[in-house]
Amino acid sequence: MSNWRPDFDPTHLYFVTTTAVQRAYIFRRDVIKRILVDGLYHLRVVDRTELYAFVIMPNHVHFIVRCREDDPLKDVVRDFKANMARLVVRQYQAERNSRALGFLASAVTRPDKQRFKVWEDGYNAKDVFSPGFLLQKMEYIHHNPLQPHWQLAECAEDYVWSSARFYLLDEPALIPLSDARELL
């Protein structure tokens, strides 16, 4: 994954992508997806971000956020990934899922720093520079589960692990969102 990140501007939205280690499908189960969604919600509740859109895929996460001036995007993503890694590992430990834990342990490149590796290093962030770009990225997020290689839902609003219902049906998403339509 590219680690390209724009200079942080707290007035801008960012389209963020972060990927599971070795692009493994470690987020495919609903219990793990719930952990990640709750992590995004936590960022919003503790007032670190305004969350506009998201999707949890089997091996990656996309979201659109705006961060506070005193809490830059790089810090928010770093903390999200660290906290979610701890919770995902804890879930696998509680389940005594030795296969998953073995995989996550085998992915570690610096055992002096960590026991398990859940995420690829870095993340990709793109500055949402125009209303057209915002709409394009939101459509991408909401239609990603429908891609032929995923086939996770028949229609975007049926995939509960995204913000599609909020935007396409005016129904609540799993977590509260800031409404990007107000910015258009």
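The values are calculated or read from the model by the stated rules, or taken from the named source; none is laboratory data. This is a predicted model, so every value here is computed, not measured. When we count neighbours, we look across all protein chains shown, and the Cβ atoms used for this are built from the backbone with ideal geometry, even at glycine. These area figures cover heavy atoms from the full protein model, side chains too; ligands, DNA and RNA do not enter into them. Shrake-Rupley method; radii C 1.70, N 1.55, O 1.52, S 1.80 Å.
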Checklist line | Prolate/oblate/rounded label for segment 97-184 (Cα gyration tensor, a/c 1.5) | finding: prolate
Item checked: Those GluC sites (Glu not before Pro) in segment 33-114 that DSSP places in a loop and that have at most 11 other beta carbons within 10 Å -> Glu69
Next item on the list: Over all directions, average the projected area of the Cα convex hull of segment 1-141 and note it in nm².
Entry: 8.6 nm²
Item checked: 24 Å Cα-Cα threshold exceeded, pairs from Lys117/Lys137; Lys74/Lys117; Lys33/Lys117 -> Lys117/Lys137
Item checked: Difference of contour (0.36 nm per residue) and Cα-Cα distance, Glu154 to Phe129 -> 5.9 nm
Note to self: Report the gain in length on full extension from Val46 to Arg99: 0.36 nm times residue separation, minus Cα-Cα distance, nm rounded to one decimal.
What the structure shows: 15.7 nm
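How big is the dipole moment of the chain about its Cα centre under a simple scheme where the beta carbon of each Lys and Arg is +1, that of each Asp and Glu is -1, and everything else is neutral? Debye, nearest 20, please.
In total the dipole reaches around 1060 debye.
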Next item on the list: Taking the chain as the reference, fit the longest principal axis to its C-alpha atoms, fit the long axis of helix 30-45 to the helix C-alpha atoms, and give the angle between the two in degrees, 0 to 90, nearest 10.
Entry: 50 degrees
Check: Taking only protein heavy atoms and a 1.4 Å probe, what accessible area per residue, in Å², does segment 34-184 have with all protein chains in place?
Finding: 52 Å²
Checklist line | Theoretical ellipticity at 222 nm over the chain - DSSP helices of four or more residues, -39500 (n - 2.57) apiece, nearest 500 | finding: -11000 deg cm²/dmol
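Can you give me the % of accessible surface on the chain that is carbon or sulfur? Probe 1.4 Å, all protein chains present, nothing else counted.
48 percent
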Check: What is the chain's relative contact order, in percent, from Cα pairs under 8 angstrom and six or more apart in sequence?
Finding: 30 percent
